[in-house]
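The values are calculated or read from the model by the stated rules, or taken from the named source; none is laboratory data. Predicted, not measured: the structure shown is a model, and the values here were computed from it. Positions of Cβ are backbone-derived with ideal geometry, glycine not excepted, and every protein chain shown enters the neighbour counts.
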Amino acid sequence: MSTATESQPQPQPQPQQPLIPSLPDDLGLNILARIHRCHHPTLSLVSKPIHSLLSSPLFFTTRSLLHSSQPLLYLSLRSSLSSSLLWFCLGSNSNSSHSLFPIPPIPSTSTVGSSIASLGPSIYVIGGSTNDVPTSHVWILDCRFNTWRPGPNMRVAREFSAAGVVDENIYVMGGCVTDSWAKSAHWAERFDPKVQKWERVESPVLIRDKWMHASAVMDGKVYAMADRGGIVYDARESAWGRVEGELDFGWRGRACVVGGVLYCYDYLGKIRAFHAREGAWREVKGLEGGLPRFLCGATMANLGGKLVVLWEEKGKREMEIWCAEIGVEMRESGELWGQIGWVEKVRTVPRGSSIVHCVAVEV
């Protein structure tokens, strides 16, 4: 004899709502993955399935396969009001104005003198020191979800090291005291994300500078500027050399590489460019009157093939962070000319803050 419970009808599972009505989900995913990131906040309000999709690994993988990924700019600041670095992402709103939006900080004690590298959709924050004690720790920011996780530790602790990415591998050099064979043998290391492991990179005994103040990658070579000149490592040929001549004399600040050309600003506040094959600096013309003379507190990044410059403007009580996007072209005469796409104030922060890191990723 059936009981009352057994006679009750069992609830039937509800059919899953499609991403786009009347279309298969694979086709809907293909369409949604092509939509510009600026529309994602509005798109997430359309339905629960789309909201879930926009925060799924499948969505970002599809965007990458469709070459629909877009560059994002990340910035970190040191503030007297916080014991941790403050992290921001540059975004635009519906009226196309730009702002720095805060993201969660690294869930650990703040460090000084960490180096940084971007690989795929992630940013690696490497080493640094806390209370003058260097660390070998690595933190990884997954820019798809703005979440942090600890990465594999380096073999030695480092502060103010140089870092660069060549052929999907991260190279880091310097930033460590070479007072023992064990430390000097690991003066340079390479991180292979496929095996999630740091390995020693052989380096000449004469190359043992500790402090690195700037770094860049051109043509598969990692350039690093130290107290006594610069060092270059050809990662594909496993060859070391010294940075000499025009590049050594003309590069002492923050810089970035766009289209194989190194850009930085000089003591007059002008933007200059260095092409490794030509071995000479050239001023980027056409920017007169469009940018202030930033002698310090400025940084640069390659944002989707455009040169992006950020700088600090200090007031009595607050500091403003300004940003400019510049397109640079080489004319038939060989001269480099820049055209400013936009210039905006992107954030107001407490006075005494300072820009620490600036890097772009594809997401």
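At a glance:
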{"read-out": "Any hit, segment 133-144, residues being of a type in the set (A, V, I, L, M), surrounded by fewer than 16 Cβ atoms within 10 Å (Cβ to Cβ) and under 27 Å from G253 (Cα atoms)", "value": "yes"}
{"read-out": "Only listed residue being more than 18 Å from the chain's Cα centre (by Cα) and at pLDDT 90 or above, chosen from T61, T42, T109", "value": "T61"}
{"read-out": "Every residue from segment 101-159 that is part of a loop (DSSP other than H, G, I, E, B) and hydroxyl-bearing (S, T, Y)", "value": "S108, T109, S110, T111, S114, S136"}
{"read-out": "Selection within segment 246-294 - hydrophobic (A, V, I, L, M, F, W, C) and surrounded by fewer than 15 Cβ atoms within 10 Å (Cβ to Cβ)", "value": "F249, L268, A280"}
{"read-out": "Breaking point among (1) in contact with a Gly (Cβ under 8 Å, 6 or more places away or on another chain); (2) on the phi < 0 side of the Ramachandran plot, for C358", "value": "(1)"}
{"read-out": "Condition check for T299: polar (S, T, N, Q) and crowded, with 20+ Cβ neighbours inside 10 Å", "value": "yes"}
{"read-out": "Residue in segment 70-86 that is exposed (fewer than 15 other Cβ atoms within 10 Å of the Cβ), modelled with pLDDT of 85 or more and under 21 Å from the mean Cα position of the chain (by Cα) present", "value": "yes"}
{"read-out": "When residues of segment 322-362 are limited to those that are acidic (D, E) and surrounded by fewer than 18 Cβ atoms within 10 Å (Cβ to Cβ), the one farthest from G260 (Cα to Cα)", "value": "E344"}
{"read-out": "From the options Y263, Y233, residue that is at pLDDT 90 or above, at negative phi and either over 20 Å from the mean Cα position of the chain (by Cα) or outside any strand (DSSP E or B) (or both)", "value": "Y233"}
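Conditions (1) crowded, with 19+ Cβ neighbours inside 10 Å; (2) within 17 Å of C264 (Cβ to Cβ), marked per residue:
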| residue | (1), (2) |
| --- | --- |
| D192 | no, no |
| K197 | no, no |
| R200 | no, no |
| P204 | no, no |
| D209 | yes, no |
| S215 | yes, yes |
| D219 | no, no |
| A226 | yes, yes |
| R236 | no, no |
